[in-house]
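K.L.:
Shown below is the structure under consideration.
Derivation of every value follows stated rules applied to the coordinates shown; laboratory data play no part. These figures come from a predicted structure and were not determined experimentally. A quick note on method: Cβ atoms are made from the backbone with ideal geometry, for glycine too, and the neighbour counts reach across all protein chains shown.
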Amino acid sequence: MKITAVKSYTVHPGWRKNLIFVKVETDAGIHGWGEAYSQYDRDTAVTAQLLALGPYMVGRSPFDIKHFTQFAFDDYAARRGSVELFCAISGIEQAMWDIVGKACKQPVYNLLGGKVREKIRVYANGWSYGMKEPDDYARAAEKVVKMGFTAMKFDPLPAPWRTWIPKEHERRAVRVVKAVREAVGPDVDILIEQHRRLAPMHAIRLDKQLAEFDLYWMEESCQAEYPDELAQIRREIGVPMVIGEATYTKTGFRPLLEKRSADILNADVACCGGILELKEIAAMAESFLVAMSPHNYNSTLVALASTVHASATMPNFIITEYFLPFVDFVDKISPNQLKPKNGYIELPTAPGLGVDVDEEALKQHPGKVYPARNLRHPKDEPGGI
């Protein structure tokens, strides 16, 4: 069996960013689907990598997954990485696993060493966008609980993202988290996202205040490029620290583990290098007694399915991400997306990734060309904090 084509589809789900799906075709009539991570304004950079990398896949065996990721980085990219490159590699790699599973008539997790669990816990995200007041967050959180979720994530800090922030931003974050905790009660897990924003002076002071609300974790208080500072924050706040959504390949995660910068890693299957790379990152983390919670700001279709298969094989997996705003759209392009029940997704049993993509439906939702954003100018910045 040989690969005959690599195709990509950029589609707009009706909310925020475009999504990028990757289809790999073979001469045996078996095809596979993958998904590449995308960002607002940057999806064309990812599809450019897919367009350039695709011809090098033609004539290769879809079974040679490890060699693909090797030559894509070593030979094609000359060992010069970028987020766009790793997104493209991740999308193709997932599609190759889908093909192999279908060819072997096995779900992908059976080809990765087999499952260690039969269901995958998920937390809800995407439910808090556009919220302004603490009461807005509280009412929205109540709706998430009514949907059956037992864990939810959100960022309580206001825009813009800056390393040094005024105290009012800290106070506002405390008010928001307090309101959500009071709304959902003590039995729902609250996961706080900080999007790599803060200097340690702010992170430590704020995170200590938030710790009183019995948080499940604190995510990315500062950038992964500062492993020593993350380790300092982790030691002082008394809440499990998560890092990794903007870190790529095993090499990127090595210093975070060596410096004890995190209790949990949240690599993303759609940009870290794919299913096998995610599993190998998890194996590295396990040897440091660090847990895995794969990030998934992607659709609830292919990338989620890839995450579920990889997570099924990880002894140190604890929970993964489920983005609510994409669910209705995915129903339009797939008859069998994976959906949680009472906060868990049952493992699929069909061959490959176990989800189907309606190619014609994808074509009916072309990607959106975004207007230039009104990014900040010096006149918009404060004179200090």
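K.L.:
To the nearest 10 degrees, how steeply does helix 249-258 sit against the main Cα axis of the chain, on a 0 to 90 scale?
P.N.:
Computed tilt is about 40 degrees.
K.L.:
Another one. Can you give me the C-alpha center-to-center distance between the range 133-177 and the range 1-16, rounded to a whole angstrom?
P.N.:
That distance is 34 Å.
K.L.:
Now a separate question. Taking Cα atoms, how many degrees apart are the long axis of helix 83-104 and the longest axis of the chain, rounded to 10 and kept between 0 and 90?
P.N.:
Here the helix axis deviates by roughly 50 degrees.
K.L.:
With +1 on each Lys and Arg Cβ and -1 on each Asp and Glu Cβ, how big is the dipole of the range 110-352 about its Cα centre, in debye rounded to the nearest 20?
P.N.:
Computed charge dipole of the range 110-352: roughly 120 debye.
K.L.:
Calculate, in nm to one decimal, what residue 201 and residue 368 gain on full extension: separation in residues at 0.36 nm each, minus their alpha carbon distance.
P.N.:
56.2 nm
K.L.:
Quick one: plug the Kirkwood hydrodynamic radius of the range 3-106 (C-alpha pairs) into Stokes-Einstein at 10 °C, 1.306 mPa s, and report D in µm²/s. Walk me through the numbers on the way to the answer.
P.N.:
Values: Rh = 13.7 Å.
So the translational diffusion coefficient is about 116 µm²/s.
K.L.:
Given a Förster radius of 25 Å and the C-beta distance between residue 209 and residue 251 as r, what FRET efficiency does 1/(1 + (r/R0)^6) yield to the nearest 0.05?
P.N.:
Taking R0 as 25 Å, the efficiency between residue 209 and residue 251 is 0.10.
K.L.:
Nearest 0.05, what FRET efficiency do residue 78 and residue 341 give at R0 = 51 Å with Cβ-Cβ as r?
P.N.:
0.65
K.L.:
Follow-up. Could you calculate the contour length gain from residue 159 to residue 42, that is, 0.36 nm times the residue separation minus the distance between their Cα atoms, to one decimal place in nm?
P.N.:
Roughly 40.1 nm would be gained on extension.
K.L.:
Assuming 1.306 mPa s and 10 °C, estimate D for the range 250-381 with Stokes-Einstein, Rh taken as the Kirkwood radius over Cα pairs, in µm²/s.
P.N.:
Values: Rh = 16.7 Å.
Translational diffusion coefficient: 95 µm²/s.
K.L.:
May I ask you to compute the full-extension gain from residue 70 to residue 360, defined as 0.36 nm times their residue separation minus their alpha-carbon distance, rounded to one decimal in nm? Present the calculation step by step, with values, prior to reporting the outcome.
P.N.:
Numbers: separation 290, 0.36 × 290 = 104.40 nm, distance 3.28 nm.
Result: 101.1 nm gained on full extension.
K.L.:
Another question about this same structure. Going highest first, how would you order 47-58, 67-78 by mean Cβ packing within 10 Å?
P.N.:
47-58, 67-78
K.L.:
Counting other C-beta atoms within 10 Å, which of 329, 86 has the fewest, and how do the rest follow?
P.N.:
329, 86
K.L.:
If you build a Gaussian network model of the chain, linking Cα atoms that sit under 10 Å apart, which residue out of 304, 210, 375 swings the most?
P.N.:
Maximum among the listed residues: 375.
K.L.:
Expressed as cubic angstrom per residue, what is the convex hull volume of the alpha carbon set of the chain?
P.N.:
Taking the convex hull of the Cα positions in the chain, it is 136 Å³ per residue.
K.L.:
In degrees, nearest 10, range 0 to 90: what is the angle between the Cα axis of helix 200-210 and the longest Cα principal axis of the chain?
P.N.:
Roughly 80 degrees between the two axes.
K.L.:
Among 343, 126, 33, which residue has its Cα positioned farthest towards the positive end of the charge dipole of the chain, with +1 placed on the Cβ of Lys and Arg, -1 on the Cβ of Asp and Glu, and the dipole taken about the Cα centre?
P.N.:
Of the listed residues, the answer is 126.
K.L.:
How high is the relative contact order of the range 75-223, given as a whole-number percent (alpha carbon pairs under 8 Å, six or more residues apart)?
P.N.:
Values: 164 pairs, mean separation 28.9, N = 149.
After rounding, I find 19 percent.
K.L.:
Suppose R0 equals 35 Å; then what is the FRET efficiency for residue 136 and residue 380 from their Cβ-Cβ distance, rounded to the nearest 0.05?
P.N.:
Values: r = 25 Å, r/R0 = 0.71.
Working from the Cβ atoms, E equals 0.90.
K.L.:
Quick check on the exposure proxy: order 41, 207 from fewest to most C-beta atoms within 10 angstrom.
P.N.:
The most exposed by this proxy come first: 41, 207.
K.L.:
Can you give the charge dipole size of the range 21-118 about its Cα centre, rounded to the nearest 20 debye, using +1 on the beta carbon of Lys and Arg and -1 on the beta carbon of Asp and Glu? It would help to have the intermediate numbers written out before the result.
P.N.:
Values: 10 positive and 12 negative charges, 58 e Å.
Computed about the Cα centre, the dipole is about 280 debye.
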